[in-house]
Amino acid sequence: MPIISQRSGRDERAALYPAELLPFFDDSFIASFDFFEEYVERLTLSVLRTTGLDAACGNDTTVAHAVAHAGLRPEVALVPASWIFAMLASRKWIGVRAGADGELRYRIERALPALDAEEILEKQRAHDPRCLPSFEIAALAAAHYPAVLRGQVSGEQALFGPEGILPWVKYFSNDNPIYTVSNKVGAIAAARALPAGEAAILEIGGGLGSGADTLLGELERTGHAAKISSYHVTEISPLFLKRAQRNLAARHPQSRFQFSALDIDRPFAQAGIAPASCSLVYGVNVLHVAHDLAATLGELRSALSESGMLVMAECVRPFPDTPLHLELVFNLLSSFRDAVLVPGWRPNGGFLTPEQWAAALAANGFEDIRIYPDIAAIRDAYPSFVVAAIVARRA
């Protein structure tokens, strides 16, 4: 997320970013974000070697051929391997061309650079150690790539096993600037979208409570906290839900909380969510992992009252097929990779473009759809700006 626009060669942040977001994307944050991207790219070079994918790239090779040559399990490895090659090709560290059949072929055309990821980690440590949890999660994922892609362990076991709990607790924290920016963007959008009168809020994928904490703080700051009649926090992980309950009760003792386990791929009634009971449904970095996005959007729509609002803070893919750095981590998870695909708006699991999100919502009973901030207006200048809130009204 460079300071300098790729479109003009000048700093265009003040012209393109909403004024209220500018403080969150200051020079210090951008330096950390740039360090994170470089760190992930260097880890990806290492993963190419540790998985054996490099050995298949002496000549032009397809992803499927490289996966087979390296002895990886295709049902697990095809999506992560495609991302690895696309990320390295975006840095021109490996070559890419389209074959006569239209399929991409990759080749190591010259010696791969010898770049040490630890060098970037130390630069970040000196610059702002608060961001290190994001780097720790990326390193955790990179270390497990060989075992996961060979089918020796699932991505879920690798990332959320005993060694992963503490890193995730630190990652999903408002003390981590790289993560909390999503909470801040989502909170501002949600506070603005809050319907008039008393409001019942449902949060899906509430994690450890940092999203709810930020939203309630924004509602208090803007004088809307008294409107909240109830705040229902749901989360699939019992451990995370328990911690969220403890954290939020301590920080917002006046709020009327309810806490329930919820799998967004299951009927919401199982978590006691009645139809048309919510004024606002909110979530941070959760909707993109819905297995059947249409089904989950249907549940969200049913939970909303007439003209109720949906606000989802998401990592948004600026252009189709652009590899995003966070995918190093999340491509290991079957819930991220293995979505029900729908032509036109769900071409892949995981992150979607602004146009795909808008089409998905319009196809599933929502209107007045907005992306905040307007990624389509920003992406030519700052293609690394990928944090946004998807806002829509129940039709």
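A short reminder: the numbers here are calculations on the coordinates, not readings from a lab. The shown structure was predicted, so the numbers you read here are calculated from the model rather than taken from an experiment. Please note: Cβ atoms are built from the backbone with ideal geometry, for glycine as well, and neighbour counts cover all protein chains shown.
Only lysines eight or more places from Lys242 in sequence, or on another chain, were considered; those with a Cα closer than 26 Å are Lys170, Lys184, Lys227.
Given H placed on each backbone N at 1.01 Å, which residues far from Ala395 in sequence or on other chains put an amide H within less than 5 Å of it? Result for Ala395 returns Phe366, Glu367.
Its relative contact order, with pairs defined as Cα atoms under 8 Å and 6+ residues apart, puts the chain at 16 percent. For the peptides 30-36, 284-290, the ranking by mean Cβ contacts within 10 Å, running from highest to lowest, is 284-290, 30-36.
Label positions at Ala15 and Arg107, each projected 7 Å from the Cα along the C-beta direction, are separated by 4.1 nm. Label reach from Lys227 (point 7 Å along Cα→C-beta): in region 378-395, no amide nitrogen lies under 12 Å.
The 3J(HN,Hα) values that the Karplus relation (6.51, -1.76, 1.60; θ = phi - 60°) gives for region 365-370 are, in residue order, x, 10, 9, 6, 8, 9 Hz. Gly and Pro appear as x. Global size of region 177-394: 16.1, 46 Å for Rg and Dmax (C-alpha atoms, Rg to one decimal, Dmax whole). In plain terms, the chain from Ala269 to Arg73 could stretch by 66.9 nm, reckoned as 0.36 nm per residue minus the Cα-Cα distance. Residues with beta-carbon under 15 Å from that of Glu314, excluding Glu314: net charge, scoring Lys, Arg +1 and Asp, Glu -1? Computed value for this residue: +1.
As a check on your grasp of the helix formula, calculate [θ] at 222 nm for the chain: sum -39500 (n - 2.57) over DSSP H runs of n ≥ 4, divide by the residue count, round to the nearest 500. Mind showing how you got there, number by number?
Working: 16 runs with 173 residues, N = 395.
-13000 deg cm²/dmol, from helical runs alone.
The value of relative contact order for region 238-395, using C-alpha pairs under 8 Å at least six residues apart, is 23 percent. Taking 7 Å steps out from each Cα toward its Cβ at Arg125 and Val340 produces label points 4.7 nm apart.
How high is the relative contact order of region 132-184, in percent, with contacts defined as C-alpha pairs under 8 Å that are six or more residues apart? Before the final figure, lay out each step's value.
Details: 32 pairs, mean separation 22.2, N = 53.
RCO, region 132-184: 42 percent.
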